[in-house]
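S.K.: Quick one: structure below, then a few questions.
Where a number appears in this text, it was derived from the coordinates with a stated rule and is not lab data. Keep in mind the model is a prediction, meaning the values are calculated, not measured. Here the Cβ positions follow ideal geometry from the backbone for every residue, glycine too, while neighbour counts run over all protein chains shown.
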Amino acid sequence: MIYRCENGESTDRLAEVIRRGSAPDGGLYYISDIPDVSDLLYGDSAVLQSGHGGYNDFVVKILERMLPDEAPGISWGELIDSAYDFAPSLHALESEYVLELFHGPSCAFKDFGARFLARYLEADCRRRDEKLVILTATSGDTGSAVGQAFAGSDAIDVVILFPRGRISHLQEKQLTTIGGNVHAIEVDGSFDDCQRMVKRIFADQSLSSGISLSSANSINLGRLIPQMLYYLYAAARLSADGCDAPVFCVPSGNFGNLTAGVMGYMAGMRVSGFIAATNRNDVVPEYLQSGHFQPRPSVETISNAMDVGNPSNFPRLTRLYSDDYARVRSHIAGYAVSDEHTRETMRTYAERHGYLACPHTAVGLAASAHHRNANLAPSEATFVTLGTAHPAKFPDIVEQATQETPEAPERLSRVLRLPSQADTIDADVGALATWLRERFGR
Ligand SMILES: *Cc1c(COP(=O)(O)O)cnc(C)c1O
């Protein structure tokens, strides 16, 4: 695989790309020359044969083929086995599937990217005998996945900024109860303030007192590559069971998840297309309609992890199709789903299938149903909607829509009983610089 910058420079060193997060020109790393692994997915030499084959063994075989020399000083097998004590699961409903990606520690799909990134960086730091501080701002879901992923690391500390009183009680508990090397900072301000402070620290070396800083945000390819793997797994699994070339429907915000799916397609995965499902923040469905990409400030919805008005992975997504609008459009359909329709979908799935979906997953289920009813895909195609979070992460919204209470897994209810720990600072970059110096400065 090759990682290219906007200015034409490129590298094939994954460790460098992951350590840096963004490219030397400050922009995105674009991915190209993705090796074809279709022989590992289909036919006689497929890794998964009907009825058996585990997730970790599958992804190790794919990584060994795709990135043979890029494991960080430990083998891909060691890395994957320490990252994943959970797996994706294909849940069959009447005439479609949900690819459930919420069985990890924070109960959202971001665990797949965050755990891989954490184990990779840890091994890389050990190999280089370095220490690192991850600095990140969260509006809710990313922080808990990243915090959980790095918990207990001795080479890496994590600092998570969150806006006081603006994230849900459960999200705050998930962030503030990890402790140890994971530091939660409550900022007296908005999410935008938190993000601005983090950006300023990264931009101005003098503010970070010589501390080695890195970010773990969703533009880091160290999160997208592992997300590609669960698409390959689902497609191979379905194919082994006789359903070839599914349509993947992806509830989207920053469009990292959908980009990862298209990377899977470039690696030889057979698909009948993708569906970009959004809430009212619909700049990508609008682009697919009109050919114009027009970022806007985000609006609040009940699927708040998808409230993104200027999706940062969008240029990466279209680049995979050589920025050819006709190609993008022939392969990706887009639908925007209102909050009302999302609630109605949660209710319908609870009543008809006894299935409780989180509001984000419900946006996907609604978009998938729309696409099927419009007969836009081959009639025999299998539809797979990505289940991005556990319904118990959003108990109030699910309960209100369905009159049912989602049962919380122990790892979620446990955090409610643990004591919270967070420092509070003003929404001021100087306050953050002081905090960092006092904690990590030499
Ligand atoms: C982050 C998130 C999304 C959006 O994923 P992107 O990769 O940003 O498009 C959807 N659902 C949930 C639950 C999330 O946490």
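S.K.: Given points 7 Å out from each Cα along the Cα-Cβ axis, report the residue 290 to residue 11 separation in nanometres with one decimal.
M.R.: Between residue 290 and residue 11, the simple spin-label model gives 3.8 nm.
S.K.: If you don't mind, another one. Could you give me the percent of Cα pairs per 5 Å distance bin for segment 36-98, shortest bin first, beginning at zero and ending with the bin that holds the maximum distance?
M.R.: That works out to 4, 15, 21, 21, 20, 11, 5, 2, 1, 0, in percent per bin.
S.K.: Further question on the same structure: Note down the nm distance, to one decimal, between modelled labels 7 Å out along Cα→Cβ at residue 52 and at residue 353.
M.R.: 3.0
S.K.: Determine ³J(HN,Hα), in whole Hz, for all residues of segment 336-348 in sequence, where each value follows from phi through the Karplus function 6.51 cos²θ - 1.76 cosθ + 1.60 and θ = phi - 60°; x replaces Gly and Pro.
M.R.: 9, 10, 6, 4, 4, 5, 5, 4, 4, 5, 4, 5, 4
S.K.: Additional query: Considering Cα pairs under 8 angstrom that are at least six residues apart, work out the relative contact order of segment 85-220 and quote it in whole percent.
M.R.: That works out to 23 percent.
S.K.: A further question on this structure: Once fully extended, how much extra length lies between residue 437 and residue 374, figured as 0.36 nm per residue of separation less the alpha-carbon to alpha-carbon distance?
M.R.: Length gained between residue 437 and residue 374: 16.9 nm.
S.K.: Using DSSP, restrict attention to beta bridges with both residues in the chain and report what percent are antiparallel, rounded to the nearest 5.
M.R.: For the chain, the DSSP antiparallel bridge percentage is about 25.
S.K.: To continue, here is another question. Specify the residue with the greatest mean-square fluctuation among 112, 293, 150, computed from a Gaussian network of the chain linking alpha-carbon atoms under 10 Å apart.
M.R.: Evaluated over the chain, the most mobile residue of the options is 293.
S.K.: While we're on this one: Quick one: length gained pulling residue 38 to residue 212 fully straight, 0.36 nm per residue minus the C-alpha distance?
M.R.: Length gained, residue 38 through residue 212: 58.7 nm.
S.K.: Taking the convex hull of the Cα atoms, report for the chain its projected area averaged over all directions, in nm².
M.R.: Hull-based average projected area comes out at 19.9 nm².
S.K.: With a point put 7 Å past each Cα toward its Cβ, work out how far residue 81 is from residue 169 in nm, to one decimal.
M.R.: Label at residue 81, label at residue 169, 4.2 nm between them.
S.K.: Right, next: Report ³J(HN,Hα) in whole Hz for each residue of segment 297-302, in order, from the Karplus equation J = 6.51 cos²θ - 1.76 cosθ + 1.60 where θ = phi - 60°; Gly and Pro get x.
M.R.: Once rounded to whole Hz, the list reads x, 6, 10, 7, 9, 7.
S.K.: Report the dimensions of segment 189-246 along its three principal axes from the alpha-carbon atoms, largest first, rounded to Å.
M.R.: Taking max minus min along each principal axis of the Cα atoms, segment 189-246 gives 58, 26, 12 Å.
S.K.: With the cut-off at 26 Å, tell me which of the pairs 131/199; 61/110; 61/131; 131/393; 110/199 have Cα atoms farther apart than that.
M.R.: 61/131; 131/393
S.K.: Assuming 0.36 nm per residue, please report the length gained on full extension of the stretch residue 423 to residue 399 beyond their Cα-Cα distance. Please list the in-between numbers first.
M.R.: On the way: separation 24, 0.36 × 24 = 8.64 nm, distance 3.26 nm.
Difference between extended and current length: 5.4 nm.
S.K.: Quick one: putting +1 on the C-beta of Lys and Arg, -1 on the C-beta of Asp and Glu, what dipole do you get for segment 36-133 around its Cα centre, in Debye to the nearest 20?
M.R.: In debye, rounded to 20, segment 36-133 gives about 380.
S.K.: Based only on other Cβ atoms within 10 Å, what is the fewest-to-most ordering of 146, 59?
M.R.: Exposure proxy ranking, most exposed first: 59, 146.
S.K.: Report, in debye and to the nearest 20, how large the dipole of segment 271-357 comes out about its Cα centre when Lys and Arg carry +1 and Asp and Glu carry -1 on their Cβ. Walk me through the numbers before you get to the answer.
M.R.: On the way: 9 positive and 10 negative charges, 52 e Å.
Magnitude of the dipole: close to 240 debye.
S.K.: For the chain, what is the relative contact order in percent, using Cα pairs closer than 8 Å and at least 6 residues apart in sequence?
M.R.: Values: 860 pairs, mean separation 80.5, N = 442.
The value is 18 percent.
S.K.: In whole percent, what relative contact order does segment 132-192 give with Cα contacts below 8 Å and a gap of six or more residues? Before the final figure, lay out the partial values.
M.R.: On the way: 107 pairs, mean separation 24.7, N = 61.
Averaging sequence separation for qualifying contacts and normalising by length gives 40 percent for segment 132-192.
S.K.: Run the helix sum for the chain: -39,500 (n - 2.57) per DSSP H stretch of 4+ residues, divided by residue count, reported at 222 nm to the nearest 500 deg cm²/dmol.
M.R.: Numbers: 18 runs with 191 residues, N = 442.
Calculated at 222 nm, the ellipticity per residue is -13000 deg cm²/dmol.
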